[in-house]
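Read through the structure below, which is laid out as structure tokens, and then see the notes.
The values are calculated or read from the model by the stated rules, or taken from the named source; none is laboratory data. Since we're looking at a predicted model, the values are computed, not measured. Here Cβ is always computed from backbone atoms with ideal geometry, including for glycine, and neighbour counts include all displayed protein chains. Each accessible area value is taken on the protein alone, full model and side chains, heavy atoms only, with ligands, DNA and RNA left out. Shrake-Rupley method; radii C 1.70, N 1.55, O 1.52, S 1.80 Å.
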Amino acid sequence: MQHQRDRIDLTGRDYTAIYALSDIHGCYDEMMEAEMHIIADARTLPGRKLLLFLGDYVDRGPRSSDVLAHLSAPPPEGFDRYALCGNHDDVFLRFLDDPDGNIHWLEFGALPTLASYGIDARHMLFDLGYSVAELRDMTLKAMPAAHVDLLRSLTIAVTYGSILFVHAGIIPGLPLSEQTDEDLMWIREPFLSGGPQLPLLVVHGHTPGSHPVFGLSRIGIDTAVSMGGTLTILKIAEGKQTILPSI
């Protein structure tokens, strides 16, 4: 049984801008391009900035290991950075802890993640006859310990004043203290149509679309970069929420 992940309240911190992006899914090049765009934009602003990644760093895209390596390193100068946990990150970690109980991860976009560590899962399982536990053992041997530590340390929610950052959303109307980690990582409906029904603006990813969604007290920023879309950057500064234009 995994422990409940941390929930961080940054209310009262003084940030001149907050930048958020979500659902990188192994798209390392796009993540680095987005980060350079953020750094360039932030140069025009005084003071400290906040950089938030809203989860799903692994699966589907080709360079999950490089994404985790980058997030294991220090943030850009002048930024505080928090990485939230997405459902894909959580299931990957659960597979590492209990492969037989979480074998469904292998059908969850996992093969490119394993390939990013030099592991051909199909060949191992179907041609060489490895067990799922042996595949997990080889994965742990190939992964730097810092990557596993990162997966364990990912926070589940960040609050800044009346803005809540989570991976997927919340159960409408339910106090945050009563929401489970699973709720915050997996929910779609009734949150997407009903909004938070709390005095909060919720910024989230998880549900992909062709463009960012400014919904009912929510902003969805998963624009399906691993499926041919883009990596959306939300900027919050001077009380306004804007999307940074693509380079």
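State the number of residues belonging to the range 125-139 that are open to solvent by less than 70 Å² (accessible area, probe 1.4 Å) and among the aliphatic types (A, V, I, L, M).
Adding up the residues that qualify gives 4.
Mind checking which residues of the range 180-224 are open to solvent by 10 Å² or more (accessible area, probe 1.4 Å) and of a type in the set (A, V, I, L, M, F, W, C)?
Answer for the range 180-224, where residues must be open to solvent by 10 Å² or more (accessible area, probe 1.4 Å) and of a type in the set (A, V, I, L, M, F, W, C): Trp186, Ile187, Leu192, Leu198, Leu200, Leu201, Val213, Phe214, Leu216, Ala224.
Taking the range 15-72 on its own, how many of its residues are in contact with a Ser or Thr (Cβ under 9 Å, 6 or more places away or on another chain), free of Cβ contacts under 8 Å to residues at least 60 places away in the same chain, open to solvent by 10 Å² or more (accessible area, probe 1.4 Å) and outside any loop (DSSP other than H, G, I, E, B)?
Number satisfying all stated conditions: 3.
Which residues, counting only those in the range 80-112, are touching a residue at least 40 places away in the same chain (Cβ under 8 Å), more than 18 Å from Ser153 (Cα to Cα) and of a type outside the set (Gly, Ala, Ser)? Before you say what the answer is, go through the steps one by one.
From the range 80-112, those touching a residue at least 40 places away in the same chain (Cβ under 8 Å) are 80, 82-90, 92-97, 108-110, 112; that's our starting set.
Still in the list and also more than 18 Å from Ser153 (Cα to Cα): 108-110, 112.
Matches in the range 80-112: Phe108, Pro112.
Looking only at residues in the range 153-174 that are among the small types (Gly, Ala, Ser), under 17 Å from the mean Cα position of the chain (by Cα) and over 16 Å from Thr11 (Cβ atoms), which one is most open to solvent (accessible area, probe 1.4 Å)?
Residues of the range 153-174 among the small types (Gly, Ala, Ser): 153, 157, 161-162, 168-169, 173.
Narrowing further to those that are under 17 Å from the mean Cα position of the chain (by Cα): 153, 157, 168-169.
Applying the additional criterion that residues be over 16 Å from Thr11 (Cβ atoms) yields 153, 168-169.
Values: Ser153: 74, Ala168: 0, Gly169: 0 Å².
Step by step, filter the range 153-174, then rank; the result is Ser153.
Residue-wise test of (1) at pLDDT 95 or above; (2) within 16 Å of Thr230 (Cα to Cα); (3) among the charged types (D, E, K, R).
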position	(1), (2), (3)
His3	no, no, no
Ala20	yes, yes, no
Asp23	yes, yes, yes
Met32	yes, yes, no
Ala40	yes, no, no
Arg48	yes, no, yes
Tyr57	yes, yes, no
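How many of the residues making up the range 1-14 are more than 30 Å from Gly109 (Cα to Cα) and open to solvent by 80 Å² or more (accessible area, probe 1.4 Å)?
Kept after step one, since they are more than 30 Å from Gly109 (Cα to Cα), are these residues of the range 1-14: 9-14.
Narrowing the set further to residues that are open to solvent by 80 Å² or more (accessible area, probe 1.4 Å) leaves 9, 13-14.
The qualifying residues number 3.
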